[in-house]
Amino acid sequence: MATIVLLLCFAMACGSIDSKPSVTDPDTLPLESRVRARIAGLDAKASLYAKHLPSGRQIAIQADEPMNSVSVIKIAIMVLAYRDAENGQLNLKERYLLRPQDKRRGSGVLQAFAPGLQPTYRDLVTQMIMTSDNTATDIVIKKVGLERVNDMLETLGYEETRLQGTLADRYRRRWEVMYPSYFSLTDLEVFERGFPSDPGAEERKFALNADPAEWLGRMTARETSRLLEEIHNGELSSPSSRDEMIDILKKQESISRLPQRIRLQGAVVAHKTGDSPPTTANDVGILYYPGGPTVISVFTNENRGDFVDLEATIGLIAEDLITEWR
């Protein structure tokens, strides 16, 4: 028996018996090759742009490809709100009376509260980022103006980054594609109906998320990282507004992507997610750590793979960057 085992081992070593081809472990690759391998391993349309601010080192993967931003576009809305506050067009201490027709499904906590709540606009902006609150988002969009968000972005030189609608618009479309007459549903009726749950609902949702005309926002990884860098550098606002915006981004409650691993290593992440599970999982942010900071934007659209693995991959990429870029 020992002789047979030895012969088999010798044959495999010499290649005379087929063995399973080895797969390169991404952890053994140089940084950029490692990040590219992780992105390539996703069953999704993906893009990435990362920049180490102290050194200027960069990694760009499909970085200029327009992507479905989902809630990541809320960063641009926040920037305009703070710029308006600085020039006297918005009082962040002013209170807003929450009405039934203001409520939106999806992420956020305000939809669970009784009408009559009176948060300040600062509270609304905070919830828009911290819990990605959709109710707060549509209220803030109405206050600052959708087209004014895009005018600001155009003036600042952002060619691709645009806010394309409201949450109420997008959720109404989920019903309208089933029943065209539902285009006239009020915001309150859309909220009360919730989301379609028939057998074809998920495939229709996938198709809507893949159609650029149906996106809440359009962004690229490169422009988004530029936006984060300019926030960090205080190029878009006063120092006090810059500090408030970064503090709000640090309060982001989701920890399943960029912060998943590096928060256990003492890194602090100021970030904003964008979600439409299981098809879309974005995370963009500023990684603060010794030797940093690094800005990173990861967009994953049209996912057909395992959603948990996708989130874990984004966490691994963040760890790759703070390990190498010091």
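So that you can scan it fast, the table gives a plain yes or no per residue for (1) surrounded by fewer than 18 Cβ atoms within 10 Å (Cβ to Cβ); (2) of a type in the set (A, V, I, L, M, F, W, C); (3) under 27 Å from D102 (Cα atoms):
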{"site": "L153", "(1), (2), (3)": "no, yes, yes"}
{"site": "E160", "(1), (2), (3)": "yes, no, no"}
{"site": "P199", "(1), (2), (3)": "yes, no, no"}
{"site": "H232", "(1), (2), (3)": "no, no, no"}
Of S225, S297, S238, S256, which residue is small (G, A, S), over 22 Å from A60 (Cα atoms), modelled with pLDDT of 95 or more and in contact with a Phe, Trp or Tyr (Cβ under 9 Å, 6 or more places away or on another chain)? S238
Scan region 165-185 residue by residue and report those that are under 28 Å from the mean Cα position of the chain (by Cα) and in a loop (DSSP other than H, G, I, E, B). G165, T166, V177, M178
With respect to S55, is the statement that it is crowded, with 24+ Cβ neighbours inside 10 Å, among the polar types (S, T, N, Q) and not in a strand (DSSP E or B) true? no
Scan region 23-43 and report the pairs whose first residue is over 16 Å from E324 (Cβ atoms) and of a type outside the set (F, W, Y) and whose second residue is modelled with pLDDT under 95 and in a helix (DSSP H, G or I), with Cβ atoms within less than 9 Å and a gap of 6+ or a chain change. G41/P26
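Run down T131, T120 and say which single residue is within 19 Å of the chain's Cα centre (by Cα), modelled with pLDDT of 95 or more and not hydrophobic (A, V, I, L, M, F, W, C). Step through it out loud before you land on a result.
On the way: T120 fails: within 19 Å of the chain's Cα centre (by Cα).
From the options T131, T120, the qualifying one is T131.
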Name the residue, out of L228, L258, that is in contact with an Asp or Glu (Cβ under 9 Å, 6 or more places away or on another chain), buried (at least 19 other Cβ atoms within 10 Å of the Cβ) and in contact (Cβ under 8 Å) with a residue 40 or more places away in the chain. L258
Anything in region 19-69 that is among the aliphatic types (A, V, I, L, M), modelled with pLDDT of 95 or more and out of contact with any strand residue (DSSP E or B) (no Cβ under 8 Å at 6 or more places or on another chain)? List them, or say none. A37, A40
Scan region 124-151 for residues that are touching a helix residue (DSSP H, G or I) at 6+ places or on another chain (Cβ under 8 Å), farther than 20 Å from R170 by Cβ and surrounded by fewer than 19 Cβ atoms within 10 Å (Cβ to Cβ) and report the count. 0
If you take the residues of region 212-225 that are in contact (Cβ under 8 Å) with a residue 60 or more places away in the chain and part of a helix (DSSP H, G or I), which of them is surrounded by the fewest Cβ atoms within 10 Å (Cβ to Cβ)? P212
(1) at negative phi; (2) buried (at least 20 other Cβ atoms within 10 Å of the Cβ): which one isn't true of Q111, the others all being true? (2)
Scope region 150-161; condition among the β-branched types (V, I, T) and within 18 Å of the chain's Cα centre (by Cα); matching residues: T161
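Of the residues that sit in region 201-211 and are surrounded by 15 or more Cβ atoms within 10 Å (Cβ to Cβ) and of a type in the set (D, E, K, R), which one is farthest from the chain's Cα centre (by Cα)?
Of all residues in region 201-211, those surrounded by 15 or more Cβ atoms within 10 Å (Cβ to Cβ) come to 204-206, 208-210.
The next check asks that each one be of a type in the set (D, E, K, R); those that pass are 204-205.
Numbers: R204: 21, K205: 18 Å.
Result: R204.
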Residues in region 273-289: is at least one surrounded by fewer than 24 Cβ atoms within 10 Å (Cβ to Cβ), of a type in the set (A, V, I, L, M) and part of a helix (DSSP H, G or I)? no
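Could you check how many residues of region 29-71 are closer than 30 Å to N134 by Cα and of a type outside the set (S, T, Y)?
18
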Filtered residues of region 76-104 (kept if in contact with a Ser or Thr (Cβ under 8 Å, 6 or more places away or on another chain) and either aromatic (F, W, Y) or part of a helix (DSSP H, G or I) (or both)): A76, I77, V79, Y82, R83, A85, E86, Y96, Q101, D102
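The values are calculated or read from the model by the stated rules, or taken from the named source; none is laboratory data. The shown structure was predicted, so the numbers you read here are calculated from the model rather than taken from an experiment. Note that we place each Cβ from the backbone using ideal geometry, even for glycine, and neighbour counts take in every protein chain shown.
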